[in-house]
1. Only one residue in Thr36, Thr8, Thr14 is among the hydroxyl-bearing types (Ser, Thr, Tyr), farther than 22 Å from Gln72 by Cα, out of contact with any Gly (no Cβ under 7 Å at 6 or more places or on another chain) and crowded, with 21+ Cβ neighbours inside 10 Å. Which one?
2. Among the residues of region 114-153, count how many are surrounded by fewer than 18 Cβ atoms within 10 Å (Cβ to Cβ), among the β-branched types (Val, Ile, Thr) and not in a strand (DSSP E or B).
3. Do we have Ile133 as under 23 Å from Thr53 (Cβ atoms) and either among the β-branched types (Val, Ile, Thr) or out of contact with any Lys or Arg (no Cβ under 9 Å at 6 or more places or on another chain) (or both) here?
4. Identify all residues within region 82-91 that are of a type in the set (A, V, I, L, M) and either over 19 Å from Ser60 (Cβ atoms) or surrounded by fewer than 23 Cβ atoms within 10 Å (Cβ to Cβ) (or both); write none if there are none.
5. Between Glu75, Glu92, Glu97, which is in a strand (DSSP E or B), farther than 25 Å from Glu11 by Cα and not aliphatic (A, V, I, L, M)?
6. Assuming Asp119 fulfils every condition listed in (1) charged (D, E, K, R); (2) at pLDDT 90 or above; (3) out of contact with any strand residue (DSSP E or B) (no Cβ under 9 Å at 6 or more places or on another chain) apart from one, which condition is it?
7. Quick one: which of Leu116, Leu84 is closer than 24 Å to Thr14 by Cβ and touching a helix residue (DSSP H, G or I) at 6+ places or on another chain (Cβ under 6 Å)?
8. Name the residues in region 92-113 that are surrounded by fewer than 16 Cβ atoms within 10 Å (Cβ to Cβ), more than 12 Å from Ile76 (Cα to Cα) and in contact (Cβ under 8 Å) with a residue 24 or more places away in the chain, would you?
Amino acid sequence: MVNKEFITDSEEKTNCLAEQFAAIAKKGDVFALFGTLGVGKSVFSRAFIKKLTAAEEVPSPTFTLVQSYPFQDMEIYHFDLYRLKSPQEIFELGFEEAVYQGISLIEWPEKAGNFLPKDIFQIHISMQENQRIFNIMVTSAEKAERLEQINDC
């Protein structure tokens, strides 16, 4: 497992970090965003999606649970699993297709239980004073190589 940490102290720097992740993303990638309410998961997702698509508005999928955006020959899926009652509910959202056929950003990924794929970008976000700490974990050498392309903003 490879860990890398980034610290941002503004929304602009969080956007910069998300845009770098968008630049290394490819079909089948899952970006699992862990963190408490208000820590910046939606801000990160919004910047990521805007970098790759023509979307002007990127609403949080809090009530719809999933939003998708066309990108090249696939879709970018933005999940918010906060309101799920059980992990099995993800299959009603087209979860399997999303994680294999597109790029997925998943807020509250712990709600997916054991159905979350193993080879993913785990992004743990926490706050300390006016800073957001992004602790990124990957397990594969291929993802570790791509993670090395990300720089501080």
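The values are calculated or read from the model by the stated rules, or taken from the named source; none is laboratory data. These numbers come from a predicted model, not from an experiment. FYI the Cβ positions are ideal-geometry reconstructions off the backbone, even for glycines, and counts take in every protein chain you see.
1. Only one candidate qualifies: Thr8.
2. 2
3. no
4. Leu84, the sole residue that qualifies.
5. When all the criteria are applied, what remains is Glu75.
6. All conditions are met except number (3).
7. Leu116
8. Matches in region 92-113: Glu110, Gly113.
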